[in-house]
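Take a look at the structure set out below.
The values are calculated or read from the model by the stated rules, or taken from the named source; none is laboratory data. The model shown is predicted, which means the values in this text are computed figures rather than measured ones. Virtual Cβ from ideal backbone geometry, glycine too; neighbours counted across all protein chains shown. Remember, those area values only see protein heavy atoms, side chains included, never the ligands or the DNA or RNA. Shrake-Rupley method; radii C 1.70, N 1.55, O 1.52, S 1.80 Å.
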Amino acid sequence: MPVTRRLPYQWYDTPNIRVGTFADFAELAARNALQVLDAFGLQDGHEVRWLPNLRAGTAVFKLARPSS
């Protein structure tokens, strides 16, 4: 999600409601040293793996923190 003078916050740290994308969440995970093990969407109780950003209402991410 773009950050501009009118919307000066990251999508995950805003007082406004903004819809994020799969790519936005993957970037957030990377910035926080989390590895995405799996990601898919859910729509009407069904798993959506093909174009989940367009075809699903909920994103599901399986994350791991790399061991030190």
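Between a first residue in the range 52-68 that is closer than 9 Å to V36 by Cα and a second residue that is open to solvent by 80 Å² or more (accessible area, probe 1.4 Å) and part of a strand (DSSP E or B), which pairs have beta carbons less than 6 Å apart while being 6 or more apart in sequence or on different chains?
That search, which allows pairs on different chains as well, returns K62/L37; A64/Q35; A64/L37.
Taking the options L51, L42, name whichever one is at positive phi and of a type outside the set (V, I, T).
The conditions single out L51.
Select from the range 33-68 the residues that are part of a helix (DSSP H, G or I) and touching a strand residue (DSSP E or B) at 6+ places or on another chain (Cβ under 8 Å) and write down the one among them that is farthest from T21 (Cα to Cα).
R55
Please state which one of A23, A29 is touching a residue at least 12 places away in the same chain (Cβ under 8 Å), surrounded by 15 or more Cβ atoms within 10 Å (Cβ to Cβ), of a type in the set (A, V, I, L, M) and within 28 Å of P66 (Cβ to Cβ).
A29
Within the range 10-20, which residues are within 16 Å of the chain's Cα centre (by Cα) and either over 22 Å from R55 (Cβ atoms) or open to solvent by 90 Å² or more (accessible area, probe 1.4 Å) (or both)?
Answer for the range 10-20, where residues must be within 16 Å of the chain's Cα centre (by Cα) and either over 22 Å from R55 (Cβ atoms) or open to solvent by 90 Å² or more (accessible area, probe 1.4 Å) (or both): Q10, Y12, D13, T14, I17, V19.
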